[in-house]
Amino acid sequence: DVNGITGNEYKYSDLIAQEYGTEHNRIHVSPKETLSALPAAVAAMSEPMMSHDSVGFYLLSQQVTKTAKVVQSGQGADEVFGGYHWYPKLENSQNPLDDYAKLYFDRDHAEMQKTLSPHYIGDDHSRIFVKEYFEKLSASSPINKALQIDTDIMLVDDPVKRVDNMTMAFGVEARVPFLDQELVELAARIPSQLKVGHGGKYILKEAARKILPAEVIDRPKGYFPVPALKYIQGDYLTFIKEILNQPAARSRGLFNPAYIDGLFAAPDAALTPKGHSKLWQIGSLELWLQSHGI
């Protein structure tokens with residue numbers, strides 16, 4: 001737990017265990033264990049993936065592999081059924097590209113120019129990619145454009161790949177029932193209002209009311225919690241400083257030193273629109289490069 005952010009979801013998993021009388025095992029991981037696992041978790045990535053929850057999936061898989069080799073994951077429900085906070089804001093957008101970029105991109109191009117050393121700066125590739133993708137979609141409404149790019153591109157290259165890498169590091173196979181082809185096709189035909197209404201995933205929540213406790217369905221939207229990599233303090237801050245001060249990092253010169261100094265001056269305040277630590281993103285990218293001998 002850091003800055004009042006709870007580092008576990010026991011409250012809700014306990015409710016399910018009580019409702020169905022299932023065997024439920026709590027796995028408690030100390031801050032020290034999490035910190036020591038970071039290098040191995042990053043090394044297990046097939047490409048840089050800077051979300052703070054990767055190490056959470058890594059540590060969970062490490063425990064799960066002791067008793068199971070196949071697990072189910074909820075990956076895809078938010079993208080397919082409109083669970084993220086940016087979808088309702090796009091429903092009546094007059095400029096989908098601008099609004100999506102503002103809500104989704106971790107940094108705009110102006111900040112990227114401050115983040116990277118000048119010789120690494122090129123065109124605004126992220127914005128160009130989204131623009132071209134939106135233009136070729138058959139979907140006409142802004143929200144359906146966002147849902148489709150997230151399902152077709154972002155989901156595949158980020159959360160699904162992230163969980164797959166972390167589970168396969170221990171020989172665990174994660175199945176994703178929300179990404180069943182027929183379910184995804186059905187969801188695509190459902191009007192967006194029935195997905196994003198009432199805080200998101202409305203139709204999915206209503207369908208679940210026959211089998212799940214209301215406290216679980218109506219809980220605030222959450223993410224796999226690893227607060228220590230959102231609000232970076234103490235040993236975690238020291239860890240990232242050591243990574244960025246390695247000879248490999250200094251000789252690479254990927255990042256603008258002034259920008260990094262600014263992040264270190266206020267690490268808790270430097271969060272992306274989706275609530276990720278910009279300092280951890282930079283530190284984990286450099287750690288990935290070093291762990292892969294780049």
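Scanning the range 22-34 for residues that are open to solvent by 70 Å² or more (accessible area, probe 1.4 Å) and at pLDDT 95 or above turns up nothing.
Being in contact with a helix residue (DSSP H, G or I) (Cβ under 6 Å, 6 or more places away or on another chain) and at pLDDT below 95: is that true of Val226 here? Spelling it out, Val226 is indeed in contact with a helix residue (DSSP H, G or I) (Cβ under 6 Å, 6 or more places away or on another chain) and at pLDDT below 95. Filter the range 78-104 down to residues that are part of a loop (DSSP other than H, G, I, E, B) and open to solvent by less than 30 Å² (accessible area, probe 1.4 Å) and give me whichever is nearest to Ser277 (Cα to Cα). Among those residues, the one meeting the criterion is Gly83.
In this structure, does Glu173 turn out to be modelled with pLDDT of 95 or more and out of contact with any strand residue (DSSP E or B) (no Cβ under 7 Å at 6 or more places or on another chain)? Spelling it out, it is not the case that Glu173 is modelled with pLDDT of 95 or more and out of contact with any strand residue (DSSP E or B) (no Cβ under 7 Å at 6 or more places or on another chain). Identify all residues within the range 268-294 that are surrounded by 20 or more Cβ atoms within 10 Å (Cβ to Cβ) and not in a helix (DSSP H, G or I); write none if there are none. Listed by number, the list holds a single entry, Ser277.
Of all residues in the range 240-267, those that are over 23 Å from Ala228 (Cα atoms) and open to solvent by less than 80 Å² (accessible area, probe 1.4 Å) have Cβ atoms under 7 Å from Cβ atoms of residues that are aromatic (Phe, Trp, Tyr) and assigned to a helix (DSSP H, G or I), 6 or more apart or on another chain, in Leu254/Tyr120. Of the helices (runs of 4 or more DSSP H) entirely within the range 1-69, those holding at least 1 residues that are under 17 Å from the mean Cα position of the chain (by Cα) occupy 31-43, 54-64. Here Gln75 qualifies as open to solvent by 20 Å² or more (accessible area, probe 1.4 Å), under 15 Å from the mean Cα position of the chain (by Cα) and either closer than 21 Å to Leu287 by Cβ or in contact (Cβ under 8 Å) with a residue 24 or more places away in the chain (or both).
Only one of the listed residues (Leu90, Leu59, Leu97, Leu38) is touching a residue at least 60 places away in the same chain (Cβ under 8 Å) and not small (Gly, Ala, Ser). That residue is Leu38. What are the residues in the range 122-154 that are open to solvent by less than 40 Å² (accessible area, probe 1.4 Å) and of a type in the set (Ser, Thr, Tyr), if any? Answer for the range 122-154, where residues must be open to solvent by less than 40 Å² (accessible area, probe 1.4 Å) and of a type in the set (Ser, Thr, Tyr): Tyr133, Ser141, Thr151.
The values are calculated or read from the model by the stated rules, or taken from the named source; none is laboratory data. No experiment lies behind these values; they were computed from the predicted model shown. All Cβ positions, even for glycine, are placed from backbone atoms using ideal geometry, and neighbour counts span all protein chains on display. Note: accessible area is taken over every heavy atom of the protein model, side chains too, but ligands, DNA and RNA are not part of it. Shrake-Rupley method; radii C 1.70, N 1.55, O 1.52, S 1.80 Å.
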